[in-house]
Amino acid sequence: MAKTEQDRESDSLAAEYVLGTLNAAERADIERRRGRDPELARAIAAWELRLDPLLASVAAVAPPPGALNAIKQKIGAPPDLAAGKSADRAEIVRLESRLRNWQRAAIGLTALAAWLIAFVAFREMKPVPDGRFIAILESKDRSPAFLATVSVAQKAITIMRVGDPPTGAAGHSHELWAVGGDRAAPRSLGLLNTASQIPTDRLGPLDAAGLGGTSFAISLEPEGGSPTGQPTGPILFTGKLMPAAGN
Amino acid sequence: MSKPRPLQDLAALLRRAGDEDRAAFDALYECTAAKLFGVICRICDNRELAKEALQESYLTIWRNAKLYDVEIASPIAWMARIARNQAIDARRRRSEQISARSEPSDEDVMSLEPDPEAALGQSEALRRLTMCLDALPADRRDMVLLAYYNGWSREELSDRFVQPVNTVKTILRRSLALLRECLDGKN
């Protein structure tokens with residue numbers, strides 16, 4: 001079967017396209033042409049069939065949590081429900097959206113945070129002389145950003161980053177606060193970027209009275225911390241303090 | 001890792017996704033995302049980039065599910081092609097944006113061998129393809145596999161194999177022609 005020079009060139013290009021070695025411009029060019037060049041389209045299809053078997057030998061990798069939800073969000077809400085007007089329909093839409101929000105929140109946790117939560121005992125705060133408390137600080141969209149650990153024995157709060165770093169605005173500081181419990185107002189615990197370990201002095205007594213009902217919050221403040229002693233900037237992350245398992 | 005569903009099942013799910021059946025699409029994702037992410041992660045070494053490519057792949061699958069034709073490819077092959085193309089496009093875009101190629105690591109070459117677990121159930125087609133690849137000189141076989149599995153461009157191959165880009169192009173085309181002869185049978 002005699003092949004013309006053009007056919008050969010077309011086949012070589014298709015082969016390299018499927019192999020993946022072309023640069024971005026060449027790839028875009030091929031993708032434009034395959035729709036109106038049946039010979040090229042046939043050559044691509046033939047090369048795909050020839051090389052497909054290699055894909056069978058690629059090991060699977062667990063997809064990132066939250067990917068499916070992000071895809072579904074881009075696809076958008078089902079049109080039949082979104083267009084519904086009756087009360088029932090509206091209720092279904094509300095429930096669906098609440099469910100989606102809840103799922104997003106649940107799936108938004110990183111593997112680490114999910115793992116940690118699995119080890120957190122959800123029970124009454126008890127005085128624990130040498131125990132540990134943790135708080136997972138999440139952003140408004142419920143993605144975990146920091147893990148705060150309170151070690152009663154070491155009298156120290158350790159802050160560890162678990163998610164993407166907060167977008168640092170130049171000339172600003174992130175300040176950690178204790179809120180709730182029997183505190184009348186948020187109490188500053190210190191700045192995040194100056195020390196990863198913060199003494200527990202300002203947290204108050206490390207027992208049920210001092211820690212019960214306490215949440216941690218991180219606010220964005222002017223460089224050096226809040227000038228007023230109270231949060232002045234937006235609250236970026238919050239998380240409830242809970243006894244860690246093993247207490 | 002959950003066992004992949006039988007092919008017919010995937011074809012049915014794809015068809016239903018083509019009719020905008022969201023539950024079918026979810027099920028399709030559950031069955032295939034790990035495989036597609038595996039394909040993508042070999043090509044995009046950056047986790048964020050890989051995640052984006054995965055999302056783009058499934059958006060393309062959702063939009064094009066109607067076009068799937070069981071005569072063209074198995075459902076998983078059709079989807080994996082989409083994922084591979086997304087991953088390669090993302091890799092090219094990034095390398096051209098930062099106009100600096102990351103130094104290819106040795107790990108890339110070491111991970112060229114097919115996944116042993118998957119190779120256990122290796123198809124007749126894969127056996128034949130492997131045989132034809134093994135008939136190439138070792139460095140040319142590696143070039144083809146680095147390109148296919150890991151998405152390396154001619155330029156990246158040129159760095160690794162210390163050959164001018166045009167020579168790499170010639171070598172690749174010759175290797176592919178030999179591969180084609182071996183697979184299709186000589187005319």
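The values are calculated or read from the model by the stated rules, or taken from the named source; none is laboratory data. Because the structure is predicted, anything quoted here is derived from the model rather than measured. Every residue, glycine as well, gets a Cβ built from its backbone with ideal geometry; the counts of neighbours run over all protein chains shown. Only protein heavy atoms, including side chains, enter the accessible area calculation; ligands, DNA and RNA are left aside. Shrake-Rupley method; radii C 1.70, N 1.55, O 1.52, S 1.80 Å.
Solvent-accessible area of the range B:125-174 (1.4 angstrom probe, protein heavy atoms only): carbon and sulfur portion equals 51 percent.
What does the charge count near residue A:229 come to, summing +1 for each Lys or Arg and -1 for each Asp or Glu among other residues with Cβ under 15 Å from its Cβ? Here the count lands on +1. Step through the table entries B:35/B:66; B:35/B:169; A:74/B:35; A:72/B:51; A:74/A:140, compare each Cα-Cα distance with 25 Å, and write down the pairs that go over it. Check vs 25 Å cut-off fails for B:35/B:169.
Rounded to the nearest whole Hz, the Karplus-based 3J(HN,Hα) values (6.51 cos²θ - 1.76 cosθ + 1.60, θ = phi - 60°) of the range A:5-11 follow the sequence 4, 5, 4, 4, 5, 4, 5, with x at glycine and proline.
Could you sort B:66, B:169, A:74 by accessible area so the largest value comes first, with the probe set to 1.4 Å? Write down the numbers at each step before the final one.
Working: B:66 140, B:169 65, A:74 120 Å².
Listed by decreasing accessible area, they come as B:66, A:74, B:169.
Annotation: amide H of residue A:225 within the under-5 Å range of A:173, sequence separation 5 or more or interchain, hydrogens built in the peptide plane. Amide H contacts under 5 Å for residue A:214: A:181, A:241, restricted to partners 5 or more places along the chain or on a different chain, H placed in the peptide plane at 1.01 Å from N.
Accessible surface buried at the B:A interface totals approximately 4900 Å², computed with a 1.4 Å probe on protein heavy atoms.
What the phi angles of the range B:45-61 give under the Karplus curve with 6.51, -1.76 and 1.60, with θ = phi - 60°, is a coupling list of 7, 8, 4, 5, 4, 5, 5, 4, 5, 5, 5, 4, 4, 6, 5, 5, 4 Hz, glycine and proline written as x.
Other residues whose C-beta falls under 10 angstrom from the C-beta of residue B:49 contribute a net charge of +2, scoring Lys and Arg +1 and Asp and Glu -1.
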